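The values are calculated or read from the model by the stated rules, or taken from the named source; none is laboratory data. Keep in mind that what you see is a predicted model, and the values were worked out from it rather than measured. Cβ: placed from backbone, ideal geometry, glycine included. Neighbour counts: every protein chain shown. Heavy atoms of the whole protein, side chains included, go into the accessibility calculation; ligands, DNA and RNA do not. Shrake-Rupley method; radii C 1.70, N 1.55, O 1.52, S 1.80 Å.
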Amino acid sequence: AGAGLSFLFVFVMLFVVHRFFVPERDYVFRPLEGARVHVGLTAFNDEACIGEAVRDFKARSEVHRVVVVDNNSTDQTREEALAAGADAVVVETTPGYGACCMRALEEAAEGADVVVLCEGDLTFSAGDIPKFLAYLENCDLVLGTRATQELRETRTQMDWLINPANQIVAKLIQFRFWGTRLTDVGCTYRAMRVESYRRLKDRLWVTGNHFSPHMYMEALKLRMRVIEIPVVFRHRGGFSKGVGSNKWKAARVALRMLGLLYRS
């Protein structure tokens, strides 16, 4: 009986009472015809794949500029990126995934209308750019999700444990910011209107692997229009420097993500 009453209380709070505190929001449409789209690729010791990643994005007619941010690589990442046609390669000396992402957003936003953030390890496809732009006409920030099985290769880090655990943490964040559907907390691939990024950038501070949810949680605090779309997720080139398939590291990152949620 106690468990049943507890479940009923939580259900009413989440699905009934909480809705009274969610402001209504109307549909908007802001066309992006002629928008300048710049891509920021993060890289760390990615000489085996950064060249192909740069060529993939440079081949898209929607993309006007590709910037690679090298997070203190000790291999030939910079040289491979330039040889592949990157418009610029800059070095972010502060170590950490979040630090590299923030620098990539800042560099790519210069002179752009839309900034796309992605990793340079070939896990994501430039072919998804049109999807991001289509939804960005109605939103401020469009997030990719790797949770759609039909778009995911079998040999990726989204395995039997990390995939469902990832979705559970995403749903906890969704409960906190009711009204935005979330299924993925660790997908780097995302696109944002530059004017929205300018509003958001001073609120970004996480330099570690829990940067991805931090970025969109701060956007949600500003009541930005955030939506998630399925993207292709492939087996990465080279070796993973992030969470990868390391379950203990993934657990530590998940706890940091929940810490962000607790403080929000």
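At-a-glance table
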item	result
Filter result for the condition that a residue is out of contact with any helix residue (DSSP H, G or I) (no Cβ under 6 Å at 6 or more places or on another chain), open to solvent by 60 Å² or more (accessible area, probe 1.4 Å) and of a type in the set (Val, Ile, Thr), over Thr94, Thr148	Thr94
Residue list for segment 172-193, restricted to those being modelled with pLDDT of 90 or more, open to solvent by less than 10 Å² (accessible area, probe 1.4 Å) and farther than 19 Å from Gln149 by Cβ	Thr188, Arg190, Ala191, Met192
Qualifying residues in segment 123-159 (those that are modelled with pLDDT of 95 or more and of a type in the set (A, V, I, L, M)) - the one farthest from the chain's Cα centre (by Cα)	Ala134
Given (1) in contact (Cβ under 8 Å) with a residue 40 or more places away in the chain; (2) touching a helix residue (DSSP H, G or I) at 6+ places or on another chain (Cβ under 6 Å); (3) not polar (S, T, N, Q), index of the condition Ala48 fails	(2)
Index of the failed condition, Val17 passing every other in (1) at pLDDT below 95; (2) in a loop (DSSP other than H, G, I, E, B)	(2)
Members of segment 169-188 found to be part of a loop (DSSP other than H, G, I, E, B), farther than 21 Å from Gly98 by Cβ and among the hydrophobic types (A, V, I, L, M, F, W, C), listed by number	Trp178
Residues satisfying the stated conditions in segment 33-83, i.e. touching a Phe, Trp or Tyr at 6+ places or on another chain (Cβ under 8 Å) and within 23 Å of Tyr197 (Cα to Cα)	Val39, Leu41, Thr42, Val63, Val66, Asp70, Asn71
Scope segment 20-33; condition of a type in the set (A, V, I, L, M, F, W, C), in a loop (DSSP other than H, G, I, E, B) and at pLDDT below 70; matching residues	Val22
Only one of Arg78, Arg103, Arg55 that is among the charged types (D, E, K, R), in a helix (DSSP H, G or I) and without any contact (Cβ under 8 Å) to a residue 24 or more places away in the chain	Arg78
Residue check, Leu143 out of contact with any Gly (no Cβ under 8 Å at 6 or more places or on another chain), open to solvent by less than 30 Å² (accessible area, probe 1.4 Å) and over 19 Å from Arg36 (Cβ atoms)	yes
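Residue-wise test of (1) at pLDDT 65 or above; (2) not in a loop (DSSP other than H, G, I, E, B).
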{"position": "Gly208", "(1), (2)": "yes, no"}
{"position": "Gly238", "(1), (2)": "no, no"}
{"position": "Gly244", "(1), (2)": "no, no"}
{"position": "Ala250", "(1), (2)": "yes, yes"}
